[in-house]
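Inspection log for the structure reproduced underneath, given as structure tokens.
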Amino acid sequence: MRDIDKALKLYTMMADRCEKNGFSPHQAKVYREMVEFMRGCETAEEASVKIKNSKYYLAPGAAVLQDNLSAMEKACREINMPEAADVYKKKIEEIDADPKAMYETGYERTAGNIKTQYMETYNAFMIIYVIYMESRCRNIMSYRRSIVEMLNEEFKKLSRPSSDFTVLAKLPKFRELIPANDLGYARFTEAVPKLAANEPDYTENRRWLDDTFKQMKEIIKPEREAIRETGKGNIARTMQSAAIAVPGDSKTSVYTYTDEETSPMPVITFTPKKSG
């Protein structure tokens, strides 16, 4: 078998292998084209010279890079990073137009910066949830200033695919990041913008108070009369105070009290409502 025949067979086998694995379409195309390009050459040396003076001299290496870029593009689209995917797609097209474009590597930095921004946004979104959970477990009035500062610091890190917390909160990818059921997630996304704006949010407090009140009413029903009698006895031993409450300079400051007066509590007579 002549050397040229061996070369043609080798490139044909390489094209077959690339087509079979399904991950190397650019390489398969190039090897198929090179088989046809070399056909008619009498020797492998003649084919080598012909290739060296054609676009196929750089084509195999460029095809390897294009297949790698295609894999990166696909991966970025699957993880919802379309801007990074577009960078890889553009580079593939540039190499199609001119194989020498494979030596320009600025695209790596561009794609890398985009992916870094996504990862920073994911991380900041999760930290915002941690801050929110901490705010549920602390004295909100004394802790509010640091909550606002921490939330707004993390808000600055939100960039891709949006810098708007409310927009990100609606995206499935960001929902997946938060270990809460749907109700808990809804409360989280509702409360955070208000906390960041330093606006009081008593929604959860109201829910808790309403639920607790209903539960307590059911619990004390059998003991209602006993509780009333106990209350009468306690009132007789209790003093009441009246004072002037002076607010501070801001809506979150502490009240001060002046001109306090103390006196016995009045005795209250409980009269049950008549039915019918």
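The figures follow:
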item: Output for region 137-160, where each listed residue is modelled with pLDDT of 90 or more and touching a Leu at 6+ places or on another chain (Cβ under 7 Å); result: Leu151, Leu158
item: Selection count where residues are within 30 Å of Asn198 (Cα to Cα) and at pLDDT below 75, scope region 223-259; result: 1
item: Some residue of region 86-99 being of a type in the set (Gly, Ala, Ser), in contact with a Lys or Arg (Cβ under 9 Å, 6 or more places away or on another chain) and assigned to a helix (DSSP H, G or I); result: no
item: Region 29-63 - residue that is surrounded by 15 or more Cβ atoms within 10 Å (Cβ to Cβ) and β-branched (Val, Ile, Thr) and, of those, nearest to Phe174 (Cα to Cα); result: Val30
item: Unique match (being acidic (Asp, Glu) and either more than 29 Å from Ser162 (Cα to Cα) or surrounded by 15 or more Cβ atoms within 10 Å (Cβ to Cβ) (or both)) among Glu19, Glu78, Glu108, Glu93; result: Glu19
item: Entirely in region 150-260, the helices (runs of 4 or more DSSP H) that have 3 or more residues that are closer than 18 Å to Arg136 by Cα; result: 182-196, 203-220
item: Breaking point among (1) in the same structural domain as Ala59 (by TED's automatic domain parsing); (2) within 14 Å of the chain's Cα centre (by Cα); (3) among the small types (Gly, Ala, Ser), for Ser159; result: (1)
item: Test: residue in region 18-30 that is farther than 29 Å from Ile4 by Cβ, without any contact (Cβ under 8 Å) to a residue 12 or more places away in the chain, over 31 Å from the mean Cα position of the chain (by Cα) and outside the structural domain of Glu176 (by TED's automatic domain parsing); result: yes
item: Index of the failed condition, Asn80 passing every other in (1) part of a helix (DSSP H, G or I); (2) on the phi > 0 side of the Ramachandran plot; result: (1)
item: Tabulated pairs, region 60-75, first touching a residue at least 24 places away in the same chain (Cβ under 8 Å), second outside any helix (DSSP H, G or I), C-beta under 7 angstrom, 6+ apart or interchain; result: Asp67/Phe23; Asp67/Ser24; Ala71/Phe23
item: Selection within region 214-243 - of a type in the set (A, V, I, L, M) and closer than 21 Å to Glu260 by Cα; result: Ile235, Ala236, Met239, Ala242, Ala243
item: Residues of region 216-226 classified as surrounded by fewer than 10 Cβ atoms within 10 Å (Cβ to Cβ) and of a type outside the set (Asp, Glu), total; result: 3
item: Residue check for Phe213: among the aromatic types (Phe, Trp, Tyr), modelled with pLDDT of 80 or more and in contact with a Phe, Trp or Tyr (Cβ under 9 Å, 6 or more places away or on another chain); result: no
item: Qualifying residue in region 184-198 (condition: modelled with pLDDT under 80, surrounded by 10 or more Cβ atoms within 10 Å (Cβ to Cβ) and of a type outside the set (Gly, Ala, Ser)); result: yes
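The values are calculated or read from the model by the stated rules, or taken from the named source; none is laboratory data. Owing to the predicted nature of the structure, the values given are computational and were not obtained by experimental measurement. Glycine gets a Cβ as well: all are built from the backbone with ideal geometry, and neighbour counts include every protein chain shown.
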